[in-house]
Structures are given as C-alpha cells and as structure tokens.
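Report on the structure given below.
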Amino acid sequence: MNMVMSPREEVIETSMEADWSRVLERLRVEFDDSIYNSWFKPLDLVNIEDGCAVMAAPTRFMRNWLESNYSDRIRVAWKSENSSVSDISFVVLSSFSEASAQKNDHKDGGDIIPQKTGRSSLKDNTLAEGNNKLKSRTITIKESEFGAPLDPRFTFDSFVVGKSNELAYAAARRVAENKDVHFNPLFLHSGVGLGKTHLMHAIAWANKEIFPNRRVVYLSAEQFMYQFVSSIRYKDTMSFKQKFRSVDLLMIDDLQFIANKQSTQEEFFHTFNALIDHRRQVVISADRSPTDMEGIEERIRSRLGWGLVADIHPTEYELRLGILQQKANKIPEVDISLQVLEFLARMITSNVRELEGALNRMIAHATLIGRPITLDMTQEVLQDLLRANVRRVSIDEIQRRVADYFNIRLSDLLSARRARQVARPRQVAMYLAKRLTAKSLPDIGRNFGGRDHTTVMHAVKRIDELRLVDSLLDEDIIHLERIFGT
Ligand code: ADP
Ligand code: MG
C-alpha cells in the first residue's frame with residue numbers, strides 16, 4: 001500500500017532514486033561485472049537520513065562483506081553524486097520483519113532468509129515502523145565497527161544451564177564479569193547448534209554492560225579471513241593489524257574455518273599472541289578441541305589449549321525440556337501442553353537449533369489453526385524431523401546400559417541363567433532392542449546368546465503387560481529410554 005505523497009516529497013523521492021541509479025552506475029564502471037553483479041546489484045536504497053545513505057543488503061553475510069570491503073568505495077561514489085551524503089550504512093533487508101519475528105520468536109537460529117520485497121514496498125507503511133528499527137540497527141553496526149553485529153536474543157539470561165553446558169557457561173560468565181584475565185584463551189567447543197555462538201554473544205553483551213569502555217569485538221573466523229584478505233588486496237595490512245591488536249576482548253567464532261588456510265592462520269596466530277601477551281582476553285570457539293583440529297599448525301593448536309578448554313556436550317533431556325519451557329513461556333498466547341513439550345524434548349535430541357526449529361513450527365501451526373496443540377498434531381507436523389532424529393542405538397549399547405542400570409554383569413545378561421534378577425533385566429533389554437532398533441526378532445534373539453525369536457516376542461509382550469501394573473518397572477523403562485535419548 002503506497003502512501004499518498006505530496007509533490008515535494010515525490011520530488012525528493014525521485015531525486016534520491018536518481019542519485020542511487022547514478023551511484024550504481026559509477027560502481028558498475030569501476031568494478032568487474034562479476035563483482036558488480038554479486039555485491040552491488042542486489043542492494044536497495046532504503047533512505048537518506050541526516051546525510052547518511054542507508055542501503056539494504058539481502059543477507060547478513062552480504063552486509064558484513066560490503067561493510068568490510070566496499071564501504072569506502074561506495075561512500076566515495078555517494079559523495080560524488082550527492083554532496084549532502086557524508087556517510088553510508090547498511091542494513092539487512094529482512095531486518096524490517098525482524099522486530100515482529102523476534103516478538104513471536106518464530107525465527108530459527110540461522111541467518112535470516114531474506115524476503116526481497118522490492119523497492120516499492122519500502123515506501124509503504126511498514127517502512128514507517130521499520131525506520132525506527134533501522135536507526136537502532138545502524139547504531140549497532142557502527143558501534144561494533146569491524147566486529148559482527150550481536151544478536152540481542154543471545155544473552156546469559158536466555159541461556160538455559162544444564163549438566164552438559166555448565167562448565168562452558170561458568171567460564172563464559174567469568175570472562176564476561178572480570179576485568180582480570182583468568183584463563184586465556186577461553187576455548188569453547190561442541191558440535192553444531194549447542195550454544196557456542198549464543199555464549200559468545202552473551203559474553204559480549206554482559207562485558208559491554210559491565211565495562212562500557214572496553215572494546216569488545218566478536219566475529220567469525222570466516223569474517224576474520226575476509227578482512228585479512230581484503231587488507232592485503234588494498235595494501236592495508238598495517239591498519240588491519242592495528243585494529244585487531246587494539247581490542248580488549250576478542251572473540252573468534254568457528255575457528256575451524258581457517259583450517260588449511262595458511263596465511264590467515266599465520267596472521268591469526270600473530271594477533272592471538274599479541275593480545276595474549278598484552279593480557280587481553282581472547283575467546284575462541286570451534287567444532288572440536290584444539291588437539292583435534294586438523295589443518296591447523298601444531299604450534300597454534302598447542303597454544304590454543306593453554307587457557308581453559310570447555311566443551312559443551314550433547315544436551316540431556318532435562319536441558320532440552322528447560323529450553324522448550326523457557327521459549328514457550330515467552331509466547332503465552334500460544335497454548336502448548338507440557339505433554340507436547342516433553343514429547344519434543346524426548347524426540348528431538350540432535351541439537352538445540354533443531355529443537356527450537358521444531359517448537360517454532362508447532363507455534364506457527366498453532367497460530368495458523370488457532371487451536372491448542374495436541375500430541376497427534378505434533379507427530380504429524382513434525383514427521384520429517386522426528387524421522388531424522390531417530391537415534392541409532394545398537395543392541396550392544398542397550399545390553400551394556402541395561403546391565404549397568406540393574407547392576408548385573410553383561411555376561412549374566414547374555415547367559416542362560418534364569419534367576420529372576422537376571423531374567424527380568426534381560427527381558428527389558430530385549431524389549432528395548434525391539435523398540436529402539438530396527439532389528440528383527442530373530443536378529444535380536446541371536447544377539448542375546450542365540451535365543452529363539454519366540455523368546456524375544458514373549459519378552460516384549462511380558463514387559464508391555466508388566467508396565468501397566470508395575471509402576472516401578474515402568475519408571476525403570478522410562479528412565480532407560482531417556483538414557484538412549486528417545
Ligand atoms: P552453535 O554456535 O554451537 O552452533 P548456537 O549458539 O548458534 O550454536 O545455538 C543454536 C540455537 O540454540 C540458538 O538459537 C541458541 O540461542 C539456542 N541455544 C543453544 N543452547 C542453548 C541454551 N543452553 N539455552 C537456550 N538456548 C540455547
Ligand atoms: Mg555458532
């Protein structure tokens with residue numbers, strides 16, 4: 001919906017657009033086609049405010065790249081076309097919808113997928129709302145200078161602590177709250193989607209709040225590399241070095257990205273050493289421990305392990321449920337029963353990102369159909385996710401865990417002994433093997449000391465019956481199933 005514009009507004013609008021076309025034209029002449037098409041053509045002009053030309057890029061990645069590599073050239077082009085423009089800034093186009101997405105928390109953890117709406121839509125009412133948002137974003141971008149912007153949702157408050165992440169959390173808090181360096185570097189590692197980036201942003205937010213004058217810089221190893229490469233290209237490595245050596249707290253995310261990238265590693269190592277020598281705090285994350293980092297030079301690996309190495313383990317059931325409850329509580333208008341949350345926590349075990357994704361899908365669904373979410377509905381809506389999350393449990397593992405759980409020897413579990421204290425756990429193990437693996441009854445029988453498939457069938461039936469009347473046994477099984485993350 002276009003607003004009605006006064007003739008004067010129309011003139012300003014048009015001349016702004018005309019300036020923008022000429023700026024683009026300049027850039028087109030100045031750069032190769034491939035650069036122009038990849039980086040400048042997708043840009044949209046949003047507005048000119050107080051002498052600052054605000055342009056929108058379709059993704060965060062592009063915005064960051066433009067900022068670190070082309071902002072000077074774009075600024076020059078603007079100044080030559082419109083002398084009242086003294087500065088430029090970039091926003092991510094979809095950040096207009098970010099405010100509302102945030103409110104509903106519908107977004108999954110990843111980068112925003114751009115909704116490219118075209119220039120005309122930027123003039124309608126949504127822009128009026130978007131404009132306020134835009135100002136605050138512009139400020140964040142300027143503040144962070146060469147670091148990446150911080151996600152406002154990633155704070156210590158919103159981080160749910162459990163057994164699997166308590167060490168990493170405590171270390172992160174220590175780093176954020178202390179001026180003195182206790183362990184340097186802090187090295188966080190875990191598989192994907194378990195909260196490394198969240199913790200790093202939380203450190204930055206908290207540290208800025210407690211020590212407003214400290215220079216805190218967060219960026220990914222990938223961005224570090226791009227900035228380094230472009231500083232070489234523009235023969236500006238001195239200022240690259242200076243800016244990185246002047247920070248009080250440097251955080252580099254996903255360090256594994258620079259594996260096998262020799263010169264970036266070299267530069268990273270120098271920066272890293274310089275900071276540590278000056279007792280500035282460094283925080284690094286990666287998808288594995290320093291010793292396991294392939295493609296990273298030995299001397300760097302060993303130095304990375306000098307401080308505190310904290311890993312985040314796969315989530316446990318309680319943590320998953322806690323995270324879901326926290327998220328669900330933020331959206332009181334959507335009714336999701338505890339039963340559904342428990343189901344999700346039991347079934348989606350891969351990582352927190354997928355867990356959030358599943359919950360968001362259920363929330364979206366509930367909002368659309370306007371009814372409370374039932375368990376059946378959840379199973380139907382999440383079919384694909386649930387299938388992908390079926391963990392591959394081996395019969396071996398089931399036998400070992402069950403023997404442990406009931407405090408009997410594995411050899412007894414597999415033996416021919418019929419004493420009840422081994423026969424019942426054996427039946428439980430068979431029952432679980434049937435429920436948690438895709439193995440056939442004869443297969444399972446073979447794995448239990450060469451028993452017949454009818455024995456397995458009998459065990460499954462027996463345990464099913466007993467669960468109904470023996471609540472202790474029922475609890476044992478619920479507990480064991482949790483151990484297997486199902
Ligand atoms: P990583 O960097 O390890 O791949 P992220 O930090 O991006 O993982 O986390 C993925 C998503 O899961 C984010 O949305 C994050 O907020 C959420 N998340 C991860 N761990 C927790 C936690 N303990 N409490 C709350 N949210 C979490
Ligand atoms: Mg991450």
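The values are calculated or read from the model by the stated rules, or taken from the named source; none is laboratory data. Predicted, not measured: the structure shown is a model, and the values here were computed from it. Ideal geometry is used to build each Cβ from the backbone, glycine not excepted, and the neighbour counts take in all protein chains shown. Note: accessible area is taken over every heavy atom of the protein model, side chains too, but ligands, DNA and RNA are not part of it. Shrake-Rupley method; radii C 1.70, N 1.55, O 1.52, S 1.80 Å.
Some notes on this structure:
- Protection proxy ranking of 302-310, 363-371, by the mean of other Cβ atoms within 10 Å over each peptide's residues and highest first, is 302-310, 363-371.
- Sites Asp376 and Val192, calculated FRET efficiency, Cβ-Cβ separation with R0 30 Å, nearest 0.05: 0.50
- Gyration tensor (alpha-carbon) shape descriptor, segment 395-483, a/c threshold 1.5: rounded
- Relative to one another, the C-alpha centroids of segment 424-486 and segment 298-351 are positioned 29 Å apart.
- For segment 326-378, the extents of the C-alpha atoms along the principal axes are 29, 22, 17 Å, listed from largest to smallest.
- Exceeding the 27 Å Cα-Cα cut-off - candidates Lys41/Lys261; Lys163/Lys196; Lys196/Lys434: Lys41/Lys261; Lys196/Lys434
- Point-to-point label distance, Phe146-Lys461, nm (Cα→Cβ direction, 7 Å offset): 7.3
- Cut-off 19 Å (backbone N to label point 7 Å along Cα→Cβ of Arg288), residues of segment 198-238: 221-222
- For segment 415-428, Karplus couplings with θ = phi - 60° (6.51, -1.76, 1.60), whole Hz, Gly/Pro x: 7, 8, 4, 10, 3, 4, 5, 10, 5, 5, x, 4, 5, 4
- Only the Cβ atoms of Lys and Arg (+1) and of Asp and Glu (-1) were treated as charged; on that basis the dipole of segment 244-304 about its Cα centre amounts to roughly 240 debye.
- Modelled this way, with points 7 Å down the Cα-to-C-beta line, the labels at Ser415 and Ala364 are 5.6 nm from one another.
- Protein-only accessible surface at a 1.4 angstrom probe places the residues His189, His270 in the order His270, His189, largest first.
- Between segment 148-216 and segment 260-297, the Cα center-to-center distance that results, in Å: 18
- Ranked by how many other beta carbons lie within 10 Å on average, peptides 377-389, 241-253 from highest: 241-253, 377-389
- Fully extending the segment from Ser302 to Ser158 would add 48.5 nm, taking 0.36 nm per residue of separation and subtracting the current Cα-Cα distance.
- Zone residues, segment 347-366, relative to Glu397, backbone N less than 18 Å from point 7 Å out along Cα-to-Cβ: 347-352
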